[in-house]
Structure formats: C-alpha cells, structure tokens
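Comments concern the structure below.
The values are calculated or read from the model by the stated rules, or taken from the named source; none is laboratory data. Quick caveat: nothing in here was measured; it's all calculated off a predicted structure. Note: ideal-geometry Cβ built from the backbone for every residue, glycine included; neighbour counts use all protein chains shown. With ligands, DNA and RNA removed, areas are computed over all heavy atoms of the protein, side chains included. Shrake-Rupley method; radii C 1.70, N 1.55, O 1.52, S 1.80 Å.
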Amino acid sequence: MHMQTRVKGSNSYSDLQALMQVGGQAVEKENGTVMFIFSSDIAYREYRRIRREQKEGIKRENAVRTSYPNAGRTSI
C-alpha cells in the first residue's frame with residue numbers, strides 16, 4: 001500500500017493551484033479546516049517547491065517594484 005501525506009491546508013488560490021499541479025486533493029473537514037492529501041511524499045515535496053518558487057517570485061516582483069516604482073507604466 002502506498003503512503004499518503006496529509007497536511008493542514010488552506011483555501012488560498014495559490015495553495016490550491018500548487019496542490020492541483022501535483023495532483024493532490026483538498027478535503028474540508030466538519031470543523032471547517034482544510035486538509036491537503038498527497039499521494040506520496042514526493043508529491044508533497046514537489047508542492048513545497050512550487051509554493052517556494054511562487055513566494056520567491058512575489059518577493060522578486062515586489063523588489064523590482066520598489067527599485068523601479070514607475071516600471072511598466074506608460075504615460076501618454
């Protein structure tokens with residue numbers, strides 16, 4: 001039998017997006033908490049990697065925004 005990895009989840013869009021990418025399942029329990037179920041430890045590690053990359057990407061975007069506050073804006 002294969003081992004499942006279960007962790008406390010959330011219903012944030014980016015968490016669920018990463019969960020779907022690795023084929024995990026989100027289960028809402030009676031008390032309203034969300035649990036993420038991964039088919040294997042490997043799937044869970046892949047999920048963590050995706051979330052880390054998402055967070056680093058957001059940090060990079062914010063760093064660029066503060067360094068170049070007008071970047072990406074066009075004035076007519």
Scanning the range 26-47 for residues that are out of contact with any helix residue (DSSP H, G or I) (no Cβ under 7 Å at 6 or more places or on another chain), under 11 Å from T5 (Cβ atoms) and not in a helix (DSSP H, G or I) gives M35, I37, S39, S40
Quick check on the range 48-71. Is at least one of its residues modelled with pLDDT of 90 or more, open to solvent by 100 Å² or more (accessible area, probe 1.4 Å) and not in a strand (DSSP E or B)? yes
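Could you grab me the full set of residues in the range 1-19 that are more than 9 Å from the chain's Cα centre (by Cα), surrounded by fewer than 12 Cβ atoms within 10 Å (Cβ to Cβ) and not polar (S, T, N, Q)? Show your work before the answer.
Taking the range 1-19 first, the residues more than 9 Å from the chain's Cα centre (by Cα) are 1-11.
From what is left, the residues that are surrounded by fewer than 12 Cβ atoms within 10 Å (Cβ to Cβ) are 1-3, 8, 11.
Passing the criteria: M1, H2, M3, K8.
Look through the range 20-42, keep the residues that are hydrophobic (A, V, I, L, M, F, W, C) and within 13 Å of the chain's Cα centre (by Cα), and return whichever of them is surrounded by the most Cβ atoms within 10 Å (Cβ to Cβ).
So the residue we want is F36.
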